[in-house]
1. Is the shape of region 139-220 rounded, prolate or oblate, going by the alpha carbon gyration tensor and its root eigenvalues a ≥ b ≥ c, with a/c under 1.5 for rounded and a/b larger than b/c for prolate?
2. Karplus couplings for region 297-312 from phi (6.51 cos²θ - 1.76 cosθ + 1.60, θ = phi - 60°), rounded to Hz, Gly and Pro as x?
3. Using each residue's phi in region 77-90, evaluate 6.51 cos²θ - 1.76 cosθ + 1.60 at θ = phi - 60° and report the 3J(HN,Hα) Karplus result to the nearest Hz, with x for Gly and Pro.
4. Given H placed on each backbone N at 1.01 Å, which residues far from ILE30 in sequence or on other chains put an amide H within less than 5 Å of it?
5. Simple spin-label model, 7 Å along Cα-to-Cβ: VAL147 to ARG59 in nm?
6. Using a/c under 1.5 as the rounded threshold, could you call the chain rounded, prolate or oblate? The axes a ≥ b ≥ c are square roots of the C-alpha gyration tensor eigenvalues, and prolate needs a/b larger than b/c, oblate otherwise.
7. State the extension gain, in nm to one decimal, for the chain segment bounded by ASP93 and VAL191, taking 0.36 nm per residue of separation less the distance between their alpha-carbons.
8. In terms of the Cα gyration tensor, with a ≥ b ≥ c the square roots of its eigenvalues, is region 32-102 rounded because a/c is under 1.5, prolate because a/b exceeds b/c, or oblate?
Amino acid sequence: MENLLMGFNIVSPVFIVLLLGYFAKQKGYIDSNFVDKGTWIVFYMALPFKLFYDIKNARIESLHPKYVLYIVLGVIFIIIIALLIAKALRIEDKKKLSAFVHCAYRSNFVCVGFPILDIIYNGTSSMEHMIVIIAFGLTLYNISAIVLLTYYSEAEDKSISVKDIFIKIIKNPMIVGVVFGAIFNFLNIPVYQGVDEAIEMVAKILNPMSLILIGASLNFESSKSDFKLMFISAFIKTVLAPLILIPIGVKLGFTNMELGIAYVFWATPCAASCFIFTKQMKSDYEFASKVITLSFIMSVITYPVGISLMNYFNLLH
C-alpha cells in the first residue's frame, strides 16, 4: 500500500495539470486556436531549448550502445506485436488499422514522461539515457509512423521517400536541440549568461504548458462501436509494453536509473502527436484521438501501479 501511495503521489501532479487544461477548454478559456499556437510554442521553442539546456549542462560519457539496442529493438517489437494483434482482430479499415498500431506504440515521453521522471528522480535523471530515448526511440517513432501510415493509406502512390524522411528527421526540433546541446557540451562552448538564462526560462514552460495543452486536446466523446479496439490499442501502450520489456531489461542487467527511464518510456500513454500524424497523413484521426484519451484515463491507474511495483522490486532507486 505504501508503494502504491507513492505511485499516486508521483503521477497525481501531472494529471491534475492535465485536468486544468481540460476544464479550461470546457469553460471556453482555451480554444482550438490557442491549442494550435501553444503546441507550436512547445514544439518549436520550449522543447528544443530544454533539450539543448539539459544536454549542454549534463555529464555525458557514453551513448550506452547496449541501451540503444534495447530501446530500438523494443520499439520494433511493440510495433510487430501491435500489427499481429491488429491482424488477429481483422481490422479491415486500413485507416483504422494504421491508427490502431500507431497509437499502440507511440509514447508521449517528452510531454508526460519528462515531468514524471523529474518527480521520481528529483530532477536528477540521467541525460545520457534520456538522449538515447530522444535520439533513437523518438526518431524511430517518426520513421515508423511515416512508413506505417503511408503503407496503409488509401492513396494510389504509396512510395516512401528516404530523402523526405531524412529531411524530416534533421529538421525535427527535438533532434536539433539534442545535436546542438551535445556539440556545446563536448566542445565546452561557452554561452553568454543572459542567453543561457533566457533559454532556461523558456525551457521551464515545457512541462506545465505541454500538460495543459494535452488536457485541452482530450476527447471524452463516447464511441461504443470502437471501444474494444480503442481499449486494446491503449492496453498495448500502457500495460503490455512495459510488462514485457521491463523484465527483459532486468535480465539484461540494466541499472535502476536505466530501468526507471525505460519504464516511463514504455508505460507513458499514447502521444498527442499521434492525432497530428494521423490527420496529416489522412488516417483515422478521430479514432486516434479517442485512443489517446483512453490511454490517459487508463494510465491514471496503470502508472501508480507500475511505479509501485518498480519500487517494490527495488528497480527505481
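The values are calculated or read from the model by the stated rules, or taken from the named source; none is laboratory data. Predicted model, so just to flag it, every value in this text is computed and none were measured. Cβ: placed from backbone, ideal geometry, glycine included. Neighbour counts: every protein chain shown. We work out accessible area using only protein heavy atoms, side chains counted, and drop any ligands, DNA or RNA first. Shrake-Rupley method; radii C 1.70, N 1.55, O 1.52, S 1.80 Å.
1. Working: a/c = 4.24, a/b = 1.51, b/c = 2.80.
Oblate, since a/c reaches 1.5 and b/c is not below a/b.
2. 4, 5, 5, 4, 9, 5, 5, x, 5, x, 5, 5, 5, 4, 5, 4
3. Couplings: 4, 5, 4, 5, 4, 5, 5, 5, 5, 4, 5, 5, 7, 6 Hz.
4. Placed amide hydrogens put LYS25 under 5 Å from ILE30.
5. 3.8
6. Numbers: a/c = 1.28, a/b = 1.21, b/c = 1.06.
Verdict is rounded for the chain.
7. Details: separation 98, 0.36 × 98 = 35.28 nm, distance 5.23 nm.
Extending this stretch completely gives an extra 30.1 nm.
8. Cα axes put region 32-102 in the oblate bin.
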